[in-house]
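Please read the structure below before turning to the comments.
The values are calculated or read from the model by the stated rules, or taken from the named source; none is laboratory data. Remember, it's a predicted structure, so these values are computed and weren't measured experimentally. When we count neighbours, we look across all protein chains shown, and the Cβ atoms used for this are built from the backbone with ideal geometry, even at glycine. Ligands, DNA and RNA are excluded from the accessible area calculation, which covers all protein heavy atoms including side chains. Shrake-Rupley method; radii C 1.70, N 1.55, O 1.52, S 1.80 Å.
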Amino acid sequence: LKDAGYRTALIGKWHLGHANPFKPRNRGFDHFFGFLSGGYSYWGHPPKGKDDPIYDDDRIVDPKEITYMTTDLGRKAIEFIGDKGEKPWFCFLSYNAPHAPDQAPKEAIAKFAAIEDPKRRIYAAMMSVLDDSVGEVVAHLKGSGQLEDTLVVFLSDNGGRNVSSNNGIYRGHKGRTYEGGIRVPFIVSWPGHLPTGKEFKSPVSSLDIYATALSLAGVEDDGAEGIDLVPVLGSAGSEMDERELYFR
């Protein structure tokens, strides 16, 4: 996408390697604000005993600059997106919520006083702040006149973990290959281009985001795994042909 003229940013969790060749700005992103590990304190402190700072491109961020990670990541994404301009952009907003450690602002926890389990209460608060942050990003897209020019994809990388979360009728949890571990929320929004309120029944994969993004940007990649979702999501009642998906 960068080669196709897009501004590109990775905001948030990376978790794909600490060595220089694997860092986001060496993997096609113009801008990186976030951290390289998996779990991270929501108050900006690195994991105990690890040299794992928060980066703003090449600058190491002072933890005192962090108010609450989830909220800050959303606002950094808004800062990158900016106002409507001629050059297109791609933003991978990679929240760490609701990954451990379980931490949330007191005012967010207070909203869920009716939940008796204290761990579940904090987890709900973490999810609530995540929802609020996504709402801020979408409100910015709308307010800056970019909503109808932007394909928004929201998903999780795994099912709820076996502490505090609830995967409903699905067996298993994060780290397992039962449906409770691999079936996740997957929401696609593109006002004016895709129908609203439609539930798509065919199994889709995060791999499909890659093929979809390249297709919309007019980039050819014969080796791309995944399927361009826009044509099938845009056709009423359409379903995809069966295909094999693998998980480990």
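Tell me, what ³J(HN,Hα) does each residue in segment 83-100 have, in order and in whole Hz, if you take phi through Karplus 6.51 cos²θ - 1.76 cosθ + 1.60 with θ = phi - 60° and put x for Gly and Pro?
My calculation for segment 83-100 gives 8, 4, x, 6, 8, x, 9, 10, 10, 9, 8, 9, 4, 8, 5, x, 5, 4 Hz in order.
Enter the per residue convex hull volume of segment 82-216, computed from alpha-carbon coordinates, in Å³ rounded to the nearest integer.
Values: hull volume 20.1 nm³, N = 135.
Normalising the Cα hull of segment 82-216 by residue number yields 149 Å³.
Cα gyration tensor of segment 120-166, axes a ≥ b ≥ c as square roots of the eigenvalues: rounded (a/c below 1.5), prolate (a/b > b/c) or oblate? Before the final figure, lay out the partial values.
Working: a/c = 6.82, a/b = 2.13, b/c = 3.20.
Taking the square roots of the gyration eigenvalues as a ≥ b ≥ c, segment 120-166 is oblate.
Taking Rh as the Kirkwood radius computed over C-alpha pairs, what is the Stokes-Einstein D of segment 38-80 at 10 °C in a medium of viscosity 1.306 mPa s, expressed in µm² per second?
Roughly 145 µm²/s, to the nearest whole number.
Go ahead and set up a Gaussian network model of the chain, Cα springs under 10 Å, then flag whichever of Gly12, Gly197, Gly85 fluctuates most.
Of Gly12, Gly197, Gly85, the most mobile in the Gaussian network model is Gly197.
Per 0.36 nm of contour for each residue apart, how much would the distance between Val219 and Ala114 grow if the chain were fully extended, relative to their Cα-Cα spacing? Walk me through the numbers on the way to the answer.
Details: separation 105, 0.36 × 105 = 37.80 nm, distance 5.01 nm.
Gain on stretching Val219 to Ala114: 32.8 nm.
Compute, for Leu151, the solvent-accessible surface of its heavy atoms (probe 1.4 Å) with the complete set of protein chains present, and express it in square angstrom to the nearest 10.
Surface accessible to solvent at Leu151 totals approximately 50 Å².
If a helix is a whole DSSP H run, which ones in the chain reach 24 Å or further along their own axis (Cα) and hold a mean Kyte-Doolittle hydropathy of at least 0.0? Working shown, then result.
Values: long enough: 118-143 (37 Å, 0.09).
Correct list, ordered by number: 118-143.
Report the full-extension gain for the segment Lys106 to Phe200: residue separation times 0.36 nm, less the Cα-Cα distance, to one decimal in nm. Please list the in-between numbers first.
Working: separation 94, 0.36 × 94 = 33.84 nm, distance 3.75 nm.
The span from Lys106 to Phe200 would gain 30.1 nm if fully extended.
For segment 1-80, rounded, prolate or oblate, judged on the Cα gyration tensor with a ≥ b ≥ c (square roots of eigenvalues), a/c < 1.5 rounded, else prolate if a/b > b/c?
Here segment 1-80 falls in the oblate category.
Calculate the length of the line joining the C-alpha centroid of segment 102-124 to that of segment 132-199, in whole Å.
Answer, in whole Å: 21.
Over segment 6-75, give the accessible area per residue in Å² for a 1.4 Å probe, as an integer.
Details: 3500 Å² over 70 residues.
For segment 6-75, the per-residue accessible area is 50 Å².
Return a whole-number percent for the relative contact order of the chain, with Cα pairs under 8 Å and 6 or more residues apart as the contact set. Kindly include the intermediate steps, with their values, before the conclusion.
Numbers: 371 pairs, mean separation 33.2, N = 248.
So the answer I get is 13 percent.
Of all DSSP beta bridges located in the chain, what percent are antiparallel, nearest 5?
On the way: 9 of 20 bridges.
Percent antiparallel among DSSP bridges in the chain is about 45.
Give the carbon-plus-sulfur fraction of the accessible surface of the chain in %, rounded to a whole number; probe 1.4 Å, heavy atoms of protein chains only. All intermediate terms of the calculation are to be shown ahead of the outcome.
Numbers: 7680 of 14940 Å².
Carbon-and-sulfur percentage of accessible area, whole number: 51.
Would you please put 22-28, 198-204 in order of how densely packed they are, using the mean number of other Cβ atoms within 10 angstrom per residue and starting with the highest? Let's see the in-between values first.
Working: 22-28: 15.6, 198-204: 12.1.
Put in order of decreasing packing, that is 22-28, 198-204.
Could you pull out the trypsin sites (Lys or Arg not before Pro) across segment 150-180 that fall in loop regions by DSSP (anything but H, G, I, E, B) with no more than 14 other Cβ atoms inside 10 Å? Let's see the in-between values first.
Values: sites: Arg161, Arg171, Lys174, Arg176; in loops: Arg161, Arg171, Lys174, Arg176.
Here the sparse-neighbourhood loop sites are Arg171.
Can you give the calculated 222 nm mean residue ellipticity of the chain, where each DSSP H run of n ≥ 4 adds -39,500 (n - 2.57) and the sum is split over every residue, rounded to the nearest 500 deg cm²/dmol? Let's see the in-between values first.
Numbers: 6 runs with 64 residues, N = 248.
The helix contribution divided over the chain gives -7500 deg cm²/dmol.
Tabulate in residue order the Karplus-calculated ³J(HN,Hα) for segment 10-26, using 6.51 cos²θ - 1.76 cosθ + 1.60 with θ = phi - 60°, rounded to whole Hz; enter x for Gly and Pro.
10, 10, x, 6, 9, 6, 10, x, 9, 5, 3, x, 9, 5, x, 6, 9
Taking only protein heavy atoms and a 1.4 Å probe, what accessible area per residue, in Å², does segment 97-248 have with all protein chains in place?
Details: 9780 Å² over 152 residues.
Per-residue value: 64 Å².
According to the Cα gyration tensor, what semi-axes, each the square root of 5 times an eigenvalue, does the equivalent ellipsoid of the chain have, listed from largest to smallest in whole Å?
Value: 28, 24, 19 Å, ordered largest first.
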